[in-house]
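The values are calculated or read from the model by the stated rules, or taken from the named source; none is laboratory data. Since the model is a prediction, treat every value here as computed from it, not as a measurement. Here the Cβ is made from the backbone with ideal geometry for all residues, glycine too, and neighbour counts use every protein chain on show.
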Amino acid sequence: MRRPQPAPTEGTRPLPDPHEATARLDGGGSAQLVVLGRYRLERRLGAGGFGVVWRAFDERLEREVAVKIVPRDAGGERVEREARAAARLGHPGIVALYELAADERDVYLVSELVRGSTMAELMAAGVLSDRDVARIGAALCEALDHAHARGVIHRDVKPQNVMVVAEPAVGAGFAKLTDFGVAHVASDDPLTRTGDVVGTLAYMAPEQAEGRRTSAASDVYSLALTLYEAWSGGNPVRAASPAATARRLGTRLPTLGARRRDLPPELCDAIDDALEPHPDRRPPVKELQAALHEAEPLLDDESGLVEPEVRERFGLATRRVRAPGFATVLAARAGAGVAAGLLVLGAVTRLGPDPPFSALAAAALTLLAVALLPRAGWLLAAAGVCGWLASPEAGREGTALVLLLALAPTPFLLPRSGLLWSLPALAPLLGTVALAPAYVGVAGLASTAWRRAGLACSGFIWLVVAELLTGRNLLFGVPDGALPRGDWEASVTSAASDALGPLLGSPALAPLVVWGAFAAVLPLVVRGRFLAFDLVGAGVWAAGLAVAHAGLGDLLASTTTLGQARGAIAGVVLAAVVAVAATSVASPVVAAHAEPATAT
């Protein structure tokens, strides 16, 4: 029976029912529903026994969302249960809840729009490598541990309720747990009582199927069964009929090792232990996660989600950045060459005697070499400068050793980023104007967490080495006991004892860890989506970095020239401004994939 429509107001047309207008909207018509006064329904993503899920646009906050619409008399209690469970949780591995609302007809659950494919779809297509399964499993273990710590038992972990999103090739943050519609919330009035059976039979823990009380161990069982199916190609519980499936519940299943003898034995044992019929004998989720992490490097990754065509096919690369054109590539190489050339020019003219060759010619050759072959050119230039300083003609063996300390770690910290190898020089340059911490914000703009951390750590190493070479206080100052360059520049032994010794024998390098960590997490708090959120996130990040520098000052006060970092406030504020400005400029050229999309 059709539900009555509210009377249209003057100047408007009656809106179609969201449960009945699907055909017209999906067929490309212009009619669009707006529910709850702000969510414009754009495309139906799926439907089930409990309602319809739509992709929608939040006109108030200007973001895409997923809206689950359930008639009050067809499952409203389930939606409320899902909302109560999701409201307790906040984790990147769990689909985020935004709002629960209702009108006289329906209940609405507004949540994060998840783009990608379900684990079930990827398994059916045969595109999950063994390593992909371990990565997904480890991510789900982390999500479940978060939920269990807050008294939420999912009770329906299965491939259909696992979304694989983002960039699987990087191995982090790409699996999300969805649908808490049958979750149990501790200390809540349950909608089901002991004796009721909820969930999916083929993935239920035995105690859940028997109507006994569920626990975290029940989710561990269901997750292990999901992973078992992904690795073996079949669910050992599922049978031809529900009755036959029920008869298999509680029996000891065939070991994973019997079906996949090529998998690491320790991994198979961990899955088998998690499939113990008795919940008290199953390992905690953290133990299963550790086993998955240990096995991951040993597993095959061929033809899996690391393949670009697979990610493209299933919509797993959530962001597509415009490919750099020839002019952009040329500018990047030219910039790297100019930076390396200036560094060579400065080192040759400032760190040694007048050279028997043209310093400008050496800088020009470096510029050309780095622009054409970034890594090889940079390494040759570094070796050339250190080699000349250590030569009998220059007689600066100690200086060469200290300079080598700054240069040598950079290729290892940024192994495939030759165009960035000269960027750490920006840290000591900013230090000359008491803004060294601003470099952390610059490093935080790099594309991956490892690259961000590597840039930050390299910059700090260059900074402390510059303090030794110049005798200037650029951040915390020269370590106590370090002598001026004139006392050790001509001797390797003196440089080791009078320059490197005080540096390496004190906590002077401790800020390196802080810089690397803050640079790595910067894009997590400044995401370039909403300016207001970015400003708040950048402010919190900057405050944390300032507090960290203050704590480091207390640690280093007795071993360095300064007890407080130069630029601890101005530098971190500038770092935050750089981050917000850069993401605001970059966000228009980063486009999200429009398809496929799905949601919980």
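A few notes on this one:
- Taken over the stretch 468-486, the criterion of being assigned to a helix (DSSP H, G or I) and either in contact (Cβ under 8 Å) with a residue 24 or more places away in the chain or of a type in the set (Val, Ile, Thr) (or both) is satisfied by LEU468, LEU469, THR470, ARG485.
- The stretch 427-455: number of residues that are farther than 24 Å from ARG527 by Cβ and aliphatic (A, V, I, L, M): 7
- Inter-residue pairs, beta-carbon under 6 Å, first more than 13 Å from VAL182 (Cβ to Cβ) and in the stretch 81-96, second of a type in the set (Asp, Glu) and not in a loop (DSSP other than H, G, I, E, B), 6+ apart: GLY93/GLU142; VAL95/GLU112; ALA96/GLU112
- Residue check, ALA456 touching an Asp or Glu at 6+ places or on another chain (Cβ under 9 Å) and among the hydrophobic types (A, V, I, L, M, F, W, C): no
- Among the criteria (1) modelled with pLDDT under 90; (2) at positive phi, the one GLY233 does not fulfil is (1).
- The set of residues in the stretch 165-188 that are part of a strand (DSSP E or B), within 23 Å of the chain's Cα centre (by Cα) and at pLDDT below 90 contains only ALA175.
- Answer from ASP534, ASP480 - the residue that is over 23 Å from LEU413 (Cα atoms), surrounded by fewer than 20 Cβ atoms within 10 Å (Cβ to Cβ) and of a type in the set (Asp, Glu): ASP480
- A single member of ARG261, ARG247, ARG212 is assigned to a loop (DSSP other than H, G, I, E, B) and modelled with pLDDT under 90, and it is ARG212.
- Any chance GLY459 is buried (at least 24 other Cβ atoms within 10 Å of the Cβ) and assigned by TED's automatic domain parsing to the domain that holds ALA543: yes
- Qualifying positions in the stretch 532-586 - among the aliphatic types (A, V, I, L, M), part of a helix (DSSP H, G or I), under 30 Å from ASP480 (Cβ atoms) and touching a helix residue (DSSP H, G or I) at 6+ places or on another chain (Cβ under 7 Å): ALA542, LEU545, ALA546, ALA548, LEU552, LEU555, LEU556, VAL572, VAL573, LEU574, ALA575
- Tally of residues being hydroxyl-bearing (Ser, Thr, Tyr) and part of a helix (DSSP H, G or I) across the stretch 405-462: 3
- Restricting the stretch 215-237 to residues that are among the polar types (S, T, N, Q) and surrounded by 23 or more Cβ atoms within 10 Å (Cβ to Cβ) leaves a set whose member that is farthest from ARG135 (Cα to Cα) is SER218.
- Matching option when the condition is among the small types (Gly, Ala, Ser) and free of Cβ contacts under 8 Å to residues at least 40 places away in the same chain, among ALA240, ALA216, ALA209, ALA246: ALA240
- Residue list for the stretch 112-159, restricted to those being in contact (Cβ under 8 Å) with a residue 40 or more places away in the chain and in a loop (DSSP other than H, G, I, E, B): LEU113, GLY116, VAL127, LEU128, SER129, ARG150, GLY151, HIS154, ARG155, ASP156, VAL157, LYS158
- Of all the listed residues (ALA510, ALA570), the sole one being surrounded by fewer than 20 Cβ atoms within 10 Å (Cβ to Cβ), at pLDDT 90 or above, in the same structural domain as LEU475 (by TED's automatic domain parsing) and under 24 Å from THR448 (Cα atoms) is ALA510.
Listed here are the residues, each with its yes/no results for (1) in contact (Cβ under 8 Å) with a residue 60 or more places away in the chain; (2) in the same structural domain as ALA427 (by TED's automatic domain parsing); (3) among the acidic types (Asp, Glu).
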{"residue": "ALA347", "(1), (2), (3)": "no, yes, no"}
{"residue": "ASP354", "(1), (2), (3)": "no, yes, yes"}
{"residue": "TRP378", "(1), (2), (3)": "no, yes, no"}
{"residue": "GLY384", "(1), (2), (3)": "no, yes, no"}
{"residue": "VAL402", "(1), (2), (3)": "yes, yes, no"}
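- Criterion (under 30 Å from GLY395 (Cβ atoms) and either surrounded by 15 or more Cβ atoms within 10 Å (Cβ to Cβ) or among the small types (Gly, Ala, Ser) (or both)) met by exactly one of GLY341, GLY335: GLY341
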